[in-house]
1. So if R0 is 56 Å, what FRET efficiency would ASN293 and SER4 give, r being the distance between their Cβ atoms, rounded to the nearest 0.05?
2. Given points 7 Å out from each Cα along the Cα-Cβ axis, report the ASP314 to ILE556 separation in nanometres with one decimal.
3. With a Cα-only, solvent-free Debye model of segment 502-601, what are the log10 I(q)/I(0) values at q = 0.10, 0.18, 0.23 Å⁻¹?
4. I want to check the label-to-label distance for ASP587 and ARG468. Put each point 7 Å from Cα in the C-beta direction and report it in nm to one decimal.
5. Once the other residues with Cβ under 10 Å from the Cβ of ASN486 are scored (Lys, Arg +1; Asp, Glu -1), what is the net sum?
6. Any idea how far apart ILE125 and TRP264 come out in nm if each label point goes 7 Å out from Cα toward Cβ?
7. Between TRP278 and ALA345, what length in nm is gained on full extension when 0.36 nm per residue of separation is reduced by their alpha carbon distance?
8. Between GLU456 and VAL115, what length comes free when the chain is fully extended (0.36 nm per residue of separation minus the Cα-Cα distance, one decimal in nm)?
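All of the numbers you see were taken from the coordinates with simple rules; none came from a lab. Not measured: the values here are computed from a predicted model. When we count neighbours, we look across all protein chains shown, and the Cβ atoms used for this are built from the backbone with ideal geometry, even at glycine.
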Amino acid sequence: MDYSFFDFLTLVGAMGLFLYGMKIMSEGLQKLAGDKMRGILSVMTTNRVTGVLTGILITALIQSSTATTVMVVSFVNAGLLTLTQSISVIMGANVGTTVTAWIISLFGFKVNISVFAIPLIGLCIPLIFSGKSKRKSWGEFLMGFAFLFMGLDLLKASVPDLQSNPQILGFIQNYTTLGFPSILLFLLLGTILTIIVQSSSATVAITLIMCSKGWIPFEMAAAMVLGENIGTTITANLAAFGANVSAKRAAFAHLLFNVLGVLWVLILFYPFTNMISWLVNSYGPGDPHALYNFTSGLDPQTVSLVTSNAELTDPSLAALQKELLSLQISVSFGLSLFHTLFNIANICIMIWFVKVYVYLCTKLIKPKGLADEEEFQLKYITSNMLSTSELSLMQAHKEIAVFGQRTQRMLGMVRELFYEKSEDKFLKTYSRIEKYESISDRMEVEIANYLTKASEGRLSNEGKEEVRIMMRAVTEIESIADACNNLARSIRRRNDGKSVFTEEQNKRIDNLFVLLEKALSHMNAVLDKPEIVHDDINESYNLENEINNYRNQMKIDNLDDVNNKVYDYQDGVYFMDMVSECEKIGDYIINVMQAMVEKKF
């Protein structure tokens, strides 16, 4: 087998296309805001069982568990699925891939989605150049989807062709008689092969070739199928490489689920494979061990002849070839049944430990910094309404407190952006602020929808009034996020215009940031309190007056500095744009405080 450096570069390029497709597909999903999609996915993954069924259905339809898990990772990255929901869908994908194996075995039919990738890009072009942002987002999502499948297809095509060159693995027949260590060795081989060829179906095909040539018995083939279950998780982990911490946890959950499943079946390996052999022998085409016994009893030259695809003229050899083909069906049937029953049993056991998986993934995959702490799901509100509407208001109040904390984090990023000199770090922080603003828009809509549903229940007059005031607070908090985003844009315009503020200008803006930080901290402290007193608003009024007075003084100082040629008029415009946005943030903070005090008094 000839594998050049150019082939290796092609492999790296295919991986790059795959990761890029994952990235723009995820970004497209985020821009679409996914309110309807999130609703559909929430219904489909209401509980563990429906989540598993969703995974089975999607994988059976697109006939690729890898594609399903990659899409699940992208949904988690875009905030459309929680970690808990994603784990149950991934569990279902493992069973769904066995449905594909049965379809191929019985009908020889498999849909190649990558064939539609180029035509799909053709459909995306008008959408991407559309004036409407929603159409553009759909175009980005579909193009990312096309790139993702093109990347997967190229990834499979550019790996070493072991399926057509199985003789490379001929040496492995010397290690089939070591007992249980042989099982572990072949499990490792199945894992490595699947990582290399990036296709569990190809690994199964290689396994069947090795069986048909008499190199390995049925037990070793079953061990390789177990290894394929672990190896197939690498693609989802690759997809999560550049994603947020939630997506990394979803991909790791896939790996953890498959590894733990393999561990328990290894303990019961011989009883389990004996059960499969009995089922296939009793109710199927025959004994799956018979193929290995059959080829072991023939000399190497005869094995080579009967396992070739050539038409044999010798009647005895032709009869042996015919017998071999029937025995191969038994092995194929046995491996498919082994794979299916293993995955079904694994789900039946592991479905009760979803919360344990969530706990382990959260503990083992920790955020490395603020960028990884970005949560894309509501913390206290779920898609299902609680039976007690008054209790729903308590959850909404907690969610509003989380919303307020997110805007404070956003202001901290704006302060960081103001002094950032490195262009790469500046763009990274700027994109995070934009992402936070997008999340804030979604949070506002989802909390408002939740409160609207709560108001339709049996609420007291006080409860209905509380809903109205909380809706006002949510709107004002979202306005704080908008103003922070506008402030980031003003800073970017300043940098694009090559404007450099004087030391005095920087000092004034910094003082304004300090006042806003104090006002936001106080607002969040009040939002987090179970009991609010009337005096809580006094500090906010004092800080708001300070901000307004400071803004007025800066207006006067700015005019004087421009007239005295301390800095250019354009520098003054950039400066006052920032001051104006800061003052707006102060106004929105006091509006939230007035709403919260009004709620109590």
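1. Working from the Cβ atoms, E equals 0.85.
2. 10.9 nm
3. Once normalised to I(0) and log-transformed, intensities are -0.33, -0.79, -1.10.
4. Using points 7 Å along Cα→Cβ, the separation is 2.4 nm.
5. -2
6. Between ILE125 and TRP264, the simple spin-label model gives 5.2 nm.
7. Contour length minus the Cα-Cα distance gives 22.4 nm.
8. Computed gain between GLU456 and VAL115 is 117.9 nm.
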